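A short worksheet on the structure shown next.
Quick note: the coordinates plus some simple rules give every number you see, no bench work behind them. On a predicted model such as this, the values are computed, not experimentally measured, just so you know. Every residue, glycine among them, receives a Cβ derived from its backbone with ideal geometry; neighbour counts consider all protein chains shown.
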Amino acid sequence: MKISSNFRKLLILLVLSSLSMLIINCSKSDSDASTPTAQIVGTWKVISILVKEGTKSEVDQFPALLLFFPCFKDVSFTFKSNGDLSASVPAACQSTADNIIGTSGSAKYEVTEGKLIITDTDGTKTTEDLSFSGSQMTWASSETKGGTVTTTKVVLTKQ
């Protein structure tokens, strides 16, 4: 069970880390600060990765992830008002990130109807439920394996 959770946590980290290496564009049609497109503008850091498998309790796996990769606590994502997304990966973490992620590319994103849709250069789309609460942003997704639904929420805080 712990191996499965650690593996899942690593996969989530890979997704977040790869996003951090990408340059992203979005529609600038929403200029109101209360819209999700405007709310996403700024610099964000992951503060928790909440995983709930089936009927089990939700568990924050970010602290355990930091045991393996402590430098990831300093990775930040910057969403610019022009639609670009960049990441800051500390030098101490760069080789680990390079080993896990490999090469980086670019992607595009849009915020539509409470969803963050990321389209990679190869056309692969990733869709996350997107919500905001104060200075926090949450990306949520679910997957079903063997009849068990696993929900993952990545919580980021605005810097």
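Among Glu110, Glu143, Glu128, which comes first, then next, by fewest other beta-carbon atoms within 10 Å? Mind showing how you got there, number by number?
Values: Glu110 15, Glu143 10, Glu128 19.
Arranged by neighbour count, lowest to highest, Glu110, Glu143, Glu128 become Glu143, Glu110, Glu128.
Relative to the compact-globule scaling 2.2 N^0.38 Å, provide the ratio for the alpha-carbon radius of gyration of segment 112-154.
Details: Rg = 12.4 Å, N = 43, 2.2 N^0.38 = 9.2 Å.
Output field value: 1.35.
Would you mind pulling out the separation of the Cα centroids of segment 39-92 and segment 127-142, in Å?
Segment 39-92 and segment 127-142 have Cα centres spaced 12 Å from each other.
Among the listed pairs Lys80/Lys153; Lys73/Lys125; Lys56/Lys125; Lys52/Lys153; Lys73/Lys145, which are separated by more than 20 Å between their Cα atoms? Walk me through the intermediate numbers first.
Working: Lys80/Lys153 23 Å; Lys73/Lys125 26 Å; Lys56/Lys125 29 Å; Lys52/Lys153 9 Å; Lys73/Lys145 29 Å.
Listed pairs above 20 Å: Lys80/Lys153; Lys73/Lys125; Lys56/Lys125; Lys73/Lys145.
Return the FRET efficiency for the residue pair Lys158, Lys56: r is the Cβ-Cβ distance, R0 is 41 Å, and the value is rounded to the nearest 0.05. Walk me through the intermediate numbers first.
Numbers: r = 30 Å, r/R0 = 0.73.
The value I calculate is 0.85.
Given 0.36 nm per residue, what is the gain on full extension from Thr138 to Ile47 after removing their alpha carbon distance, in nm?
Working: separation 91, 0.36 × 91 = 32.76 nm, distance 1.02 nm.
Full extension from Thr138 to Ile47 adds 31.7 nm.
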